1. Among the residues of the stretch 25-33, is any exposed (fewer than 11 other Cβ atoms within 10 Å of the Cβ), touching a residue at least 24 places away in the same chain (Cβ under 8 Å) and out of contact with any helix residue (DSSP H, G or I) (no Cβ under 8 Å at 6 or more places or on another chain)?
2. Collect the residues in the stretch 2-23 that are exposed (fewer than 12 other Cβ atoms within 10 Å of the Cβ) and at negative phi, keeping them in residue-number order.
3. Among the candidates 21, 63, 39, which residue alone is assigned to a helix (DSSP H, G or I) and more than 30 Å from residue 92 (Cα to Cα)?
4. Between a residue in the stretch 68-83 that is surrounded by 10 or more Cβ atoms within 10 Å (Cβ to Cβ) and any residue that is part of a loop (DSSP other than H, G, I, E, B), which pairs come within a Cβ distance under 8 Å, given they are 6 or more apart or on different chains?
């Protein structure tokens, strides 16, 4: 069941699955206006899902960029804020465990949370 929020001209402006003071008119999902509203809401959810996927991919790009800049000695890892250092080290450690790549693992003293963990 869908409940509609109406404007002052009795046009459907939004729908919800639960009734409330604003959403009190029962409407059919086959109503043309309702279908447009639902399609718009689904497109927004798809967009949000795409952004979340893109965000995680972008994070990996930024990690690789930081690694490249530090390897070329353009920046020093210790110049990054401590929170960024810990996050990057944590992700590097998890990736090393996940891939089984011993080359990307860091020593126990470098694990995030260890106060003397600086590269």
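Readers should treat all values here as calculations from the given coordinates under stated rules, not as data from a laboratory. Just so it is clear, the model here is predicted, and its values are computed rather than measured. Heads up, the Cβs are rebuilt from the backbone with ideal geometry, glycines too, and the neighbour counts pull from every protein chain shown.
1. Yes - at least one qualifying residue is present in the stretch 25-33.
2. Correct list: 7, 8, 9, 11, 17, 18, 20, 21.
3. On the way: 21 fails: assigned to a helix (DSSP H, G or I); 63 fails: more than 30 Å from residue 92 (Cα to Cα).
Going through 21, 63, 39 in turn, the sole match is 39.
4. 69/75; 70/76; 70/119; 77/118; 77/119; 78/118; 78/119
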